[in-house]
């Protein structure tokens, strides 16, 4: 492209042909104040702040509207220019509130920065109170304080030009112009796609995100994409939803596989914290992200991700991994690809951990798990099943360069008073394992599950499916505070499982080595303190129940003790530092064994982290990131979709139409990151002019 | 977004109208300009409104001493740099009239007076006791309830409450409601029977008025 040379305030700079004078100056590190200008939008020359004088022209011009010409001599700081800018800014401030400190944009406001740059205070002009700024109303996603609006029109332009949506316009009522939706309708009744572009470009506090929609403690590029931020593995969720919408299932799987090792299993059973972060929740219901993932994996015909997977040459180092669950297998997968000779010791007959021995088969068929394990093993992981490791010292002797403990939390944890060996009482983790193995004892006609988390529901629903007549769940939480997924609760109720909320077991009567009758009491609240569980009981609500089988779904802990040879915390958890190192050199830990039961996806993220840490420890770069799909530049023009805000969630997809219809509901939060950030005058970029020396 | 505002909408100043006030005309001119503004360019949207507010203060008798210069300053920027022809033209007209009738503007700003008693802040309304026949029509019409009186009594306007809606002026069959500038005629403090004020008193009052006017 032809380079153009011009002189601004005595500095000779180079500009690109066709560039605006303002952008050329900004690029060269010369700050010219501007407000209605945004590099992604058509310049309008409305705010008058980017005024400059050009030699040979009698009038002051707006530099955003002028195209650079070779040999131009520009003055950005003449008295006439300064006077015009001052007047323009004073005029804007005349109708702008003065309570800067009470505005959420305080210290992050372009208008405020400009006031400081130009030294303009609220001034000699008359204050103007605009009536129509009261018209626009906030909603669940976008907070409007239109009295702070200076009508720069950026929001209107971004919505129209960049997004092709046109939800906003400059309206007029009683001779007063104001910015709002077309026809003053609520955003949910307009074409709005809730992409947040208007918030992104608003220079003042007029249009903002509602507080709480985005996390405040994550970096901006993560926080603005809440699904990706919430996902423990930070999967690029908006990207694969977009690909599914386009029917590009193989590409979608490539994106998923960049971060996840068991995509098909996760598509069935993931605890999907991504969905609880989903911005669309505030509009109606979150996107069915898990179902989209499942659908993509099941319709991936080409497995294109395989072509781009990195594989390093063997480096001659050996790593042992104890536990073939999601964390262990994930770490093994990445370490093998990094060139390590990786060996997994699995206590059970099958690898997969909780996927094979915890989650009921009606939720996750075993062949899905087996298939995904095979895919991982293709990289060359050696898996020794039925191999229980009792102490790290056993492995140390075998000459491994590093050892990873990823044995999960496989021992049930009951309230201390009930740690008796009743023959008809089981821990949920054992119940689930036996059910997966097909080794369950006779359950009788009544099964009572104590604990209302997802595991409790797994037990109850498994028992029901096995034909038990009466299945009940006793849960200390009230119905609306239960830890289990909504879908589990409704599913259980449909299967005629009783859920007894806000109740605790006070006492268990035993007869003949069996837990026989349960004394229950209603509770108003409960909390766990240093002394143990404290109940706020509701007097006179005692009841008694008898049961044939009692299942404790009250927590899990690792099956570890001191003889394992590493330092423990909280009696059975492995003590690690922030880099997952244990107290023994070369021994690391990952997954539930560090932090207790969380989720499969958290274990996968932990396994990835462990792989990075171990690679670094053994002299590698610790980089396991891979780009399995080269990203194209995203099309910012999303256009309109009929009744977008009202589109209902589809929980289960029958066909590609459903997959498409659900994917299209996505608000595409990630698009907002592509909008250029405006640099303030204090930006280091403007500290020195990039001058051309001849 | 192309502005459709057009200077053809602006009213023109009739220099031959001896009852008009140039400041009042400019107020109306800028009111139309600000309401016609498409809202995009800051000088048009905020500038014409600001000028309107300043002139409004002047017509209300609330001007500040530097307002003339402030107006010229803002209008000058609008004339030079506003995006549309409409607001540039309005600013141009306003500035020309400020220069041509500088004395009248100065009188408005510094002495809160309007030669033709057009600007609301520069006059009060009163009921001429010689003309009022106590019919009570004005009393009923006043939206502020600022007129006191009764059947057969000369009505009296409480100028503190009067909003100068001018409704009483239009309903009075005798044309008895009049404007008073800086010099106020002597009036009864409260309603008195029609005809109880003598002609002589009035003519004396007239002379006082003339004398005072000469002094100023």
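The values are calculated or read from the model by the stated rules, or taken from the named source; none is laboratory data. Not measured: the values here are computed from a predicted model. Positions of Cβ are backbone-derived with ideal geometry, glycine not excepted, and every protein chain shown enters the neighbour counts.
A few points about this structure:
- Residue count for the range A:509-524 satisfying the condition of being within 43 Å of the chain's Cα centre (by Cα) and either under 21 Å from residue A:458 (Cα atoms) or surrounded by 13 or more Cβ atoms within 10 Å (Cβ to Cβ) (or both): 6.
- Verdict on residue A:179 being surrounded by 22 or more Cβ atoms within 10 Å (Cβ to Cβ), in contact with a helix residue (DSSP H, G or I) (Cβ under 8 Å, 6 or more places away or on another chain) and in a helix (DSSP H, G or I): no
- Conditions (1) within 19 Å of residue A:46 (Cα to Cα); (2) within 12 Å of another protein chain (Cβ to nearest Cβ); number of the one not met by residue A:125: (1)
- Test: residue in the range A:153-162 that is away from chain B (no Cβ under 14 Å), within 18 Å of residue A:44 (Cα to Cα), within 29 Å of the chain's Cα centre (by Cα) and in contact (Cβ under 8 Å) with a residue 24 or more places away in the chain: yes
- For residue B:194, the criteria (1) touching a strand residue (DSSP E or B) at 6+ places or on another chain (Cβ under 6 Å); (2) modelled with pLDDT of 90 or more hold in every case but one, which is (2).
- Elements of type strands (runs of 3 or more DSSP E) contained in the range A:531-646, each with 3 or more residues being free of Cβ contacts under 8 Å to residues at least 40 places away in the same chain, surrounded by 16 or more Cβ atoms within 10 Å (Cβ to Cβ) and outside the structural domain of residue A:142 (by TED's automatic domain parsing): none
- With respect to (1) buried (at least 22 other Cβ atoms within 10 Å of the Cβ); (2) part of a loop (DSSP other than H, G, I, E, B), the lone exception for residue B:46 is condition (2).
- Top-ranked residue in the range B:10-58 [being in contact (Cβ under 8 Å) with a residue 24 or more places away in the chain and out of contact with any helix residue (DSSP H, G or I) (no Cβ under 9 Å at 6 or more places or on another chain); ranked as nearest to the other protein chains (Cβ to nearest Cβ)]: B:40
- Just one of (1) under 22 Å from residue A:599 (Cα atoms); (2) in a loop (DSSP other than H, G, I, E, B) fails for residue A:311. It is (1).
- Any chance residue A:114 is within 24 Å of residue B:78 (Cα to Cα), within 12 Å of chain B (Cβ to nearest Cβ) and either surrounded by fewer than 21 Cβ atoms within 10 Å (Cβ to Cβ) or in contact (Cβ under 8 Å) with a residue 24 or more places away in the chain (or both): no
- Matching residues, the range A:661-685, being surrounded by fewer than 17 Cβ atoms within 10 Å (Cβ to Cβ) and more than 19 Å from the chain's Cα centre (by Cα): A:661, A:676, A:677, A:679, A:681, A:682, A:683, A:684, A:685
- Failed criterion for residue A:180 (all others in (1) modelled with pLDDT of 95 or more; (2) farther than 15 Å from residue A:198 by Cβ; (3) within 13 Å of another protein chain (Cβ to nearest Cβ) hold): (2)
- The residues of the range B:63-86 that are modelled with pLDDT under 95, within 24 Å of the chain's Cα centre (by Cα) and more than 10 Å from every other protein chain (Cβ to nearest Cβ), listed by number, are B:63, B:65.
- Test: residue in the range A:97-107 that is within 13 Å of chain B (Cβ to nearest Cβ) and in contact with a helix residue (DSSP H, G or I) (Cβ under 8 Å, 6 or more places away or on another chain): no
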